[in-house]
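Written below as structure tokens is the structure these notes are about.
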Amino acid sequence: MRGARVVQNFRGQRGVLWGGAGTSVDILEASLARLGMTLARPAEIDPQDIDAHRDVLLIDGDSPLDATMEGPSGSLLSLAPAIGLVGVEAPSRLKALMDLGVTAFLRKPVHAAAVYAALFLAVNSYNRLRALELDLVEHELRRRGRRAVLKAVVRLMQTTGIDDDEAYAELRRESMRRRMSIEACAAELVAGASSSSADLKTPDLKKWA
Amino acid sequence: MTQAAIAIGVLFSVDGPYGHVSRSMLNGAMLAVDEWNSNAKAPLRLVPVVANPGGELQRYARLCQDMLAQGLQHVVGCYTSSSRKEIIPQFEKADALLWYPTHYEGFECSSNVIYTGPVANQHLLPLADYMMEHHGRNAFCVGSNYIWAWENNRILRERLAAAHGRVTAERYFAVGETDFAQVIQAIIKARPAFVFNTLIGVSSYCFLRDFRAACIASGIDQPAVIPVASCTLSEPELEAIGEAAADGHITASVYFSSIEGAENARFVTSYAERYPDGPVACADAEAAYIAVRLLALSLVEARGCTDVDTIKRAVAQVRMAAPQGPVHVDPETLHAALTPRIGRSRKDMGFDILAQAAGPVRPDPYLIWNSPRFWTMGAPPVLRVAS
């Protein structure tokens, strides 16, 4: 897993409250201030300006929810770490918050003693899940690239007469020399070989470079 | 002029595993009540309602419930964090105020508690810095198995790691445990720069006695070679440890009875006169004394109004000349600004003050100004070739 370091000090971060006009913020604002944080409402900020490293969304589940806070395409998470503010515990509202990617809940009315724990869970769960998502994307890309690796190994075997282990080792050395993944290197070599039949007969891989 | 009488709860476990410390706290609180009431010009009188939960959590809840049911809005009490956590919901429900008068591990800001004891940036961090500067950067942690030890060890580990030091080991024992033979041998074998002791009550006294005896048996000058540091050791506890092992322990505290100054001289004398059979004045007694006095001054500031919000506003206005020096309450966190000091215990049951801050230090209960953004991993273990 990528390095998802545990955040324990939230000083300098910003809470962004996505809630109805009636949402009471006194205790929330005071609690965040004790943790060195500020609280803003969406009207006071540019949604494009949301930064997952700085901001924590506080999404009121009793207010109409929209897709503004949704995260990048393909992600189950929101734009930034998010805490769902739960008033009505109806499954529909909890699911709506979960679908937006909240990773912690905070009961309304907000209890000061619960804010740090919710923040700790929301930010660190978000970071861990985001790291896992990025890992998955990378693994998926590499999985797709295995076909090119197979093709490159087979062609090397055919053109040079070496066995599969040697062919793979040669391919690996070449990818390291080019400072790219073995899948990307194989894809380049196979694409290059397809466009030039002469390359396929070349026993020395370095000529593919 | 007729003085208004205001009842306040006083809730300390003078029996049980930490009864010794709680007795000091009760004494400090009652001294403050008596001094206040002896002033005929004071606009109000305090009427203490005293209860002893005996260290049992269920009794804390029951006794507290009784106090709040009687209409008391202010209670001075508790020593352990577990007892405080047990009764805070009752204070929140009744919208009453707990005046919590002792050091604790922080990471709490209840709007129904005034915290008059120090938090980590006022005791543990100055201690860690002092120990690293004067003794070394690797610590062996021994503690009672509850939040005080767990969290303080984490903070120490972080502070040491930031200075390329490390915690060699962490060992935890049940509250009240008295058999430390195994861990003492482990410490002597490990030879850390210092031991960080978060044991409480009788466990701490037994450990310090047995550790000193084991070091003598091994020919080790324990205070010089493997000093024991803590944030809790106080003068009455030195008496409980006994003369043979009382000296040479390093303690971080905001109060020692040896502090110079007229206010402390008066406090120590009054305390000794009121409690001639001991225990002697100490940090816990002073913190409870401060709590009651701040409460009384806040009630005056609020013109006798006991309402919690009014008192919280009032306490932020109060500036008190305490035995340790000037003290005030930070309105944002409701924790007291206090003066950190480092002391070393003596055979005559007192402390020499080795270092002290220039003035009161603002409380930082969540360590937002005193800890790194990211959780710090301990240093990786040093691996050796086994064969």
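Values quoted throughout were computed directly from the atomic coordinates according to the rules given, and no laboratory measurement underlies them. Just so you know, these numbers come straight off a predicted model, no measurement behind them. With ideal geometry, Cβ positions are generated from the backbone for all residues, glycine too; neighbour counts draw on all protein chains shown.
Across all directions, the shadow cast by the convex hull of the stretch B:75-123 built on its C-alpha atoms averages 3.0 square nanometres.
Specify the residue with the greatest mean-square fluctuation among B:300, B:119, B:49, computed from a Gaussian network of chain B linking alpha-carbon atoms under 10 Å apart. Judging by the Gaussian network model, the answer is B:49. For the segment B:252-264, counting C-beta atoms of other chains within 10 Å of every residue's C-beta and taking the mean gives 0.
Within the listed set B:256, B:351, B:173, the Gaussian network model of chain B (springs between alpha-carbon atoms below 10 Å) gives the highest mean-square fluctuation for B:173. Provide, for q = 0.15, 0.16 Å⁻¹, the log10 of I(q)/I(0) from a solvent-free Debye sum over equal Cα point scatterers in chain A. Here the Debye-derived log intensity ratios amount to -0.84, -0.92. Computed from the Cβ-Cβ distance with R0 of 45 Å, the FRET efficiency linking residue B:39 to residue B:217 stands at 0.25. Projecting label points 7 angstrom from Cα along Cα→Cβ for residue B:244 and residue A:159 puts them 8.5 nm apart.
Per residue and in cubic angstrom, what volume does the convex hull of the Cα atoms of the stretch B:197-250 have?
66
Dividing the helix sum by the residues of chain A, where each DSSP H run of 4 or more adds -39500 (n - 2.57), gives a mean residue ellipticity at 222 nm of -16000 deg cm²/dmol. Taking one quarter of the surface of the convex hull spanned by the alpha-carbon atoms of the stretch B:327-378 gives a direction-averaged projected area of 6.0 nm².
The percentage of C-alpha pairs in chain B whose separation is greater than 34 Å is 26%. Using bins of 5 Å that start at zero, the share of Cα-Cα pairs per bin across the stretch A:14-110 amounts to 3, 14, 27, 27, 20, 8, 2, 0, in whole %.
Each of B:93, B:85 has some number of other Cβ atoms within 10 Å of its Cβ, and from fewest to most they run B:93, B:85. Maximal additional length on extending the residue B:373-residue B:353 stretch stands at 3.9 nm, based on 0.36 nm per residue less the C-alpha distance.
Shown for chain B: lysine pairs separated by 8 or more places, or found on different chains, whose C-alpha atoms are under 28 Å apart, numbering 5. Restricting attention to the stretch A:14-110, close to 5% of DSSP beta bridges with both partner residues there are antiparallel. With a 10 Å cut-off between alpha carbons and a GNM built on chain B, which of B:39, B:152, B:138 moves the most? Result: B:39 has the largest fluctuation of those listed.
In whole angstrom, the stretch B:124-230 maps to an equivalent ellipsoid with semi-axes of 20, 17, 11, each derived as √(5λ) from the alpha carbon gyration tensor and ordered largest first. A straight Cα-to-Cα reach below 16 Å connects residue A:108 with the aspartates and glutamates A:26, A:29, A:60, A:62, A:89, B:92, residues fewer than 8 places away in its own chain not being considered.
Return an integer: the convex hull volume of the alpha-carbon atoms of the protein assembly as shown, in Å³ per residue. Numbers along the way, then the final one.
Details: hull volume 122.6 nm³, N = 596.
Normalising the Cα hull of the protein assembly as shown by residue number yields 206 Å³.
The share of C-alpha pairs in the stretch B:65-167 whose separation exceeds 19 Å stands at 51 percent.
For the stretch B:42-86, the Kirkwood estimate of the hydrodynamic radius, built from every pair of different alpha carbons, is 11.5 Å.
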